[in-house]
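Trainee: The structure that follows is given in the form of C-alpha cells.
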C-alpha cells in the first residue's frame, strides 16, 4: 500500500483554445529528473472487456526531461492584511476587540488574530489553546510573555474578546454573547463564559509580517508571503484595532455590543463587505474604512456566514448584512497550491479539439511513478470545427476532486451494497490533504462542509485508470473517456468544450453546433449553463443527455477566480453534509444554493428526465415500451430488436442502467409530449430513491419495491426544429463497447448522433 506520491502536478485551467497559454505546475520528491510529453487521451479504463488504455503521443515542445523540486503548499484559510508602515505593530500600546466562534477549541494552538513571526517569536498574537485564549507578546530579543484567560472555550459558542496592552500590563477579557439562535445552545443553559486575566507589560517587537486573521505568520520559509501556521478553526467577526489601551468601561461596552470612542481607532475590518465584486457576491477583499488597511482572503475561507447577531429570521446575507458579519476559517481549506511554473505551453493553432494530458514520468527510478495532468482543447474561440460538440463536465470534476468521503465513512458501504475498495491513490489523498485539498463531498477537520473546490491542485482521481471509491468503478473523467473513445472509433468528428466554457460563453457556444452531447455525470451546473441549454433547445438545437444525475446542484464561480467553484448543500438532495441554518446562500454570487429543483429549475424541464435513484452495486437493463413503436421515433431504434432487452451488458456492474439514474416526471416539468422509449427494470434492494423523492419515512424506497427507481430512455422535440434525447444513466456509455461495438446501446447512440448532426429539419412530435 502506497500512502504518498513522489510525483504530482496540476495546470492553471481545464479549458484552453488554440493560441492560448497553459501552465503546468509539478512537484517531485524524488532525486532524478522527470520526463514529460503530450498525450491525446481516448480511454483509461483497464477493464479487459473494454478497449484498454488508449492514448496517442503528440510530439511537441512538451517532450522534455526536466528537473522538478518538491513544492510547499500553504493550506488553511486566513486573511492577510499588509502593514508596511507598522501601524499594527503595537509598539506604543494597543487594543483589539473581536467576536470568536471556535469549532475545534481543544485541537491545539490556533492563531485567531496576530502580527507575529513564529520563527523569531516577535510581535503579538491572540491564540486559542486547549485551556482557553492566550495573548503572547515577544520583543524579538528572546523575551516572551503569555497571558491566558484560563477558561476553555465551548465549541460553536460566540464570545466577545478584548485584549488591551500598554506600559502597565496586558489584559485579556472574554464574555459569551449567546442568543436564542447564534450558538450551539441557547439561553436555557446556565452559562456566562466570562473570564479576565492580566499579566506583566512587554513591548512587542515589529514582526515584519502582515496582520493575519485565522493564523500565525512565519518568516524564513518557502513562499513567506503566504506562510501561515497554527490555522484557526471557527468564525471571527468584527475585528477592531486601537493604538491605545481601552479603559475598563470601554471594555465592558465592547462586551455589551455598545459603541466605543473611535479615538485612536486604526482599523475596523468589515468581513461582510467587498467593494471589488459587482452584484451580490463576495470575493477575496476585506474592507477597512478607517485607514485603508485592506485585507485579502487566502485559501477561500467561508464568507456569507451567520454572525453573533443572527436572529434566525433572515436567510439572505445581503438582506441583513449586520447579521452576517462572520467569516469561517478552516485549517485545511485550499484555493490554489501556488506552486511555481514548471512548463508553459501555448496551444498550437492546428491542434485539434479534444482531450489531452501532460504525462509526467520519473526518469531514473526502479519503479517509476507516472502522473497525468489532463486538460481540454476547444475549437478556436468563436468558431466550430465540427457539427458535434461533447461537453466535458469540469465543474463536476472539481466537485469530486480528491474525494475521500468513503475512506472516512463506513456508512458508504451500506449505500454501495459492498465493501468499499480503495487503491493507492485513495490512501495518498487521505494522507495528503494539505497538498491536495478536499472535495465538495468532504467535511473540513472541524466538521464544516467543504463549500469551495479549486482546479489548481493535483487531482488524484482524474488519473485515467482510477477506479472510483464510491462504486469501485470508473467515474467522471475515466468514465467520460469511454464516450470519447467510442465516438472516435465510430468516426464521429467532434469538438469538445467544458463547463467552464459553457458558463462563460453561454448559448453562443452551443449555437455553433447541430448537436451537443453531455458526458456521463454533468451534476454541477450554474445558472448560466442552464440558461444556455434552455435557449439552445428552444431555438432549434439538438441535445443528448448521455448520463445520470445531471443539472443537480446549484454551482457558482468565484469572482476573479474561475478556478474556484462553490456549492452550498441543504434542504434536500443526495448530500454528504448539510449546511448550517442561514448559510445556504452562495458567497460568490449571493444566489440560493441547494438543488436546482428547489429553485424551480428541475432538469426535467430542460433534458426531460431528472435524478431519481442511485444504484451502485448492480447495473441493470432497459425494456422497450409502447412509445418505441411510434413511427415518429422509428429512426432511433433502426437496426435494434425492440422485443429484446436493451443493455443487459456493460463495463460498469454489468448493465447500461446503473450508478445514478434519472426518470421522466410530469410533476417536475418533463415535456408532456415526450416519448418514453424504454425504462430500466430489475433494480435491487440496494438501489435507493434520493431524499427529495421521499416525503415521509417508509420502507418502500428501494429498487425492489418502488416503481420510481428506474432510468427512462426519452425523446422529445422542441420549437424551431430542435430535439432532446436522454439515456438517463451514468453507465450507458460503458455499454457501448460490448460485442466490439455491435450492440443495441451503440446503435441507438449512433443513430441519434447521426440524425441530430444532420441539419435537415426534424419532424415535430405532438
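Each reported figure results from applying straightforward, stated rules to the coordinates on display, with no laboratory input. These numbers were taken from a predicted model, which means no experiment stands behind them. Virtual Cβ from ideal backbone geometry, glycine too; neighbours counted across all protein chains shown.
Trainee: On the Cα set of the range 656-750, report Rg and Dmax in Å, please.
Mentor: Cα-based Rg and Dmax for the range 656-750 come out at 15.0, 46 Å.
Trainee: Then there's this: Neighbour counts of other C-beta atoms within 10 Å: give me 596, 607 arranged from fewest to most.
Mentor: Values: 596 22, 607 28.
In order of increasing Cβ crowding within 10 Å: 596, 607.
Trainee: How big is the gap, in Å, between the Cα center of the range 104-151 and the Cα center of the range 635-688?
Mentor: The two parts, judged by their Cα centres, are 61 Å apart.
Trainee: Nearest 10 degrees, 0 to 90: what angle lies between the long axis of helix 527-538 and the longest principal axis of the chain (Cα atoms)?
Mentor: Long axis of 527-538 versus the principal axis of the chain: about 20 degrees.
Trainee: Can you order the peptides 33-46, 360-373 by their average number of other Cβ atoms within 10 Å per residue, highest first?
Mentor: Ranked from most to least packed, the peptides come out as 33-46, 360-373.
Trainee: How high is the relative contact order of the range 116-190, in percent, with contacts defined as C-alpha pairs under 8 Å that are six or more residues apart?
Mentor: Details: 124 pairs, mean separation 15.3, N = 75.
The normalised contact order for the range 116-190 reaches 20 percent.
Trainee: If you don't mind, another one. Round to the nearest 10 and give me the degree value, 0 to 90, for the angle of helix 477-489's Cα axis relative to the longest principal axis of the chain.
Mentor: Value to nearest ten degrees: 30.
Trainee: Among 692-700, 248-256, 646-654, 670-678, how do they line up by average Cβ neighbours within 10 Å per residue, starting with the highest?
Mentor: Numbers: 692-700: 11.1, 248-256: 16.7, 646-654: 23.7, 670-678: 20.0.
In descending order of packing, they fall as 646-654, 670-678, 248-256, 692-700.
Trainee: What are the extents of the Cα atoms of the range 78-329 along their three principal axes, listed from largest to smallest and rounded to whole Å?
Mentor: The Cα atoms of the range 78-329 stretch 52, 43, 37 Å along the principal axes, largest first.
Trainee: Contact order normalised by length for the chain, with contacts defined as Cα pairs under 8 Å and 6 or more residues apart; what percent is it? Mind dumping the intermediate values first?
Mentor: Details: 2141 pairs, mean separation 102.2, N = 766.
Reported as a whole number, the value is 13 percent.
Trainee: Over the Cα atoms of the range 298-356, how large are the radius of gyration and the largest Cα-Cα distance (Dmax), in Å?
Mentor: Values for the range 298-356 (Cα only, Rg and Dmax): 20.7, 59 Å.
Trainee: Continuing with this model, one more query. Which of 339, 635 has the fewest other C-beta atoms within 10 Å, and how do the rest follow up to the most?
Mentor: If I rank by nearby Cβ atoms, fewest first, I get 635, 339.
Trainee: What percentages make up the Cα-Cα pair-distance distribution of the range 392-757 when the bins are 20 Å wide from 0?
Mentor: Histogramming the range 392-757 at 20 Å steps yields 31, 62, 8 percent.
Trainee: OK, next. What is the distance in Å between the Cα centroid of the range 548-608 and that of the range 737-764?
Mentor: 33 Å
Trainee: So what is Rg over Rh here for the chain, counting just Cα atoms and using Kirkwood for Rh? The partial results should precede the final answer.
Mentor: Working: Rg = 28.1 Å, Rh = 27.7 Å.
Ratio of gyration radius to Kirkwood radius for the chain: 1.01.
Trainee: Please work out the C-alpha center-to-center distance from the range 319-368 to the range 498-547 and express it in whole Å.
Mentor: 25 Å
Trainee: Oh, and also: Any idea what the relative contact order of the range 416-501 is, in percent, if you count C-alpha pairs under 8 Å spaced at least 6 apart?
Mentor: It comes to 24 percent, rounded to a whole number.
Trainee: Determine, from the Cβ-Cβ distance of residue 65 and residue 318 and an R0 of 60 Å, the FRET efficiency 1/(1 + (r/R0)^6), rounded to the nearest 0.05. The partial results should precede the final answer.
Mentor: Working: r = 53 Å, r/R0 = 0.88.
Calculated transfer efficiency: 0.70.
Trainee: Grab the DSSP H runs of the chain that are 4 residues or longer, score each as -39,500 (n - 2.57), total them, divide by all residues and round the 222 nm result to the nearest 500 deg cm²/dmol.
Mentor: Calculated at 222 nm, the ellipticity per residue is -3000 deg cm²/dmol.
Trainee: A follow-up question, please. What's log10 of I(q)/I(0) for the range 25-134 at q = 0.09, 0.22 Å⁻¹, Debye sum over Cα points only, no solvent?
Mentor: Scattering profile of the range 25-134, log10 relative to I(0): -0.58, -1.32.
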